[in-house]
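The values are calculated or read from the model by the stated rules, or taken from the named source; none is laboratory data. Since the model is a prediction, treat every value here as computed from it, not as a measurement. As a convention, Cβ positions derive from the backbone with ideal geometry for all residues, glycine included, and neighbour counts pool all protein chains shown.
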Amino acid sequence: MIPKFNMTQEQNIFVAKRNIVDYIYKSAKLEGLGVTYPDTEAIFRGAAAPCVKISDIIAINNLKHAWQFLLGTLDAPMDYAYLCKLNQLVGGDNLIYGAGYIRTLPVTIGGTKWKPEMPAEADIKARLTELQAIANPTEQSIAVMLYAMRGQFYLDGNKRTAMLAANQIMIANGHGIISVPEELIRDFTQHLVNFYESGNAKTIAQFVYDNCIDGIPFTN
């Protein structure tokens, strides 16, 4: 995959901060949260959003805190501890039971009969180390994201955690930001279900590359 953007890290941080409310909103919609863009912006700014459920307000604030953490730790390796920290932030304030710890209970996924295996810490650590060896940051980011989504390592917040992990790698290397456009959420979800069932990441990886990478073509 040829990188779609070749920004400096500083430029990529600028893009992330400039559009952060939009990225949080799209992530929330991908998870099925009942928020509008104006709601998301109000919550992000600390204003009242009286028609939004408390749990959705917490979820938006958690994404805000996770993004702040991500942007402050771009030089950190994308390893097991980092991934768990992202999930802890995504699920904080009692939003997700056991946030930050891999699950010890079986889970099911809506839309498919396929069930993910029980996660094992040693296996996750080994696989993340292997993925770090992918030289192209765009390819590495997409691979990490899809691995974490299919692995369903946590009781909830897996898609949010996985996308944040991918974006830590993307932004650190100036390759843009992965975000699923609202109008393509249904298509992305269908590709994701197919990936869950088949284990073949080729189609969804190409979909993400073609449709879900945002950035600005700066002239350096």
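Please tell me if TYR97 is part of a loop (DSSP other than H, G, I, E, B), among the aromatic types (Phe, Trp, Tyr) and in contact with an Asp or Glu (Cβ under 9 Å, 6 or more places away or on another chain).
Numbers: part of a loop (DSSP other than H, G, I, E, B): yes; among the aromatic types (Phe, Trp, Tyr): yes; in contact with an Asp or Glu (Cβ under 9 Å, 6 or more places away or on another chain): yes.
When the stated conditions are applied, TYR97 passes them.
Give SER27, SER55 a once-over and let me know the one that is buried (at least 20 other Cβ atoms within 10 Å of the Cβ) and polar (S, T, N, Q).
Exactly one residue qualifies, and that residue is SER27.
Under 8 Å between Cβ atoms, which residue pairs at least 6 apart in sequence (or on different chains) link something in the range 131-145 that is under 19 Å from TYR196 (Cα atoms) and hydroxyl-bearing (Ser, Thr, Tyr) with a partner that is part of a loop (DSSP other than H, G, I, E, B) and modelled with pLDDT of 95 or more?
SER141/HIS175
Among the residues of the range 72-120, write down those that are in contact (Cβ under 8 Å) with a residue 24 or more places away in the chain and touching a Ser or Thr at 6+ places or on another chain (Cβ under 7 Å).
Correct list: LEU83, LEU86, ASN87, VAL90, LEU95.
Working only within the range 148-181, note down all residues that are within 20 Å of ASP56 (Cβ to Cβ) and among the polar types (S, T, N, Q).
Across the range 148-181, the qualifying residues are ASN158, THR161, SER179.
Run THR73 past the list (1) of a type outside the set (Lys, Arg); (2) in a helix (DSSP H, G or I); (3) within 16 Å of the chain's Cα centre (by Cα) and report the number of the one that doesn't hold.
So the condition that THR73 fails would be (2).
Can you tell me which residues in the range 173-194 are assigned to a helix (DSSP H, G or I) and surrounded by fewer than 21 Cβ atoms within 10 Å (Cβ to Cβ)? Spell out the reasoning first.
Taking the range 173-194 as the starting set, the residues that turn out to be assigned to a helix (DSSP H, G or I) are 182-194.
Matches in the range 173-194: GLU182, GLU183, LEU184, ILE185, ARG186, ASP187, PHE188, THR189, GLN190, HIS191, VAL193, ASN194.
Anything in the range 133-170 that is surrounded by fewer than 24 Cβ atoms within 10 Å (Cβ to Cβ) and of a type in the set (D, E, K, R)? List them, or say none.
Matches in the range 133-170: GLU139, ARG150, ASP156, LYS159.
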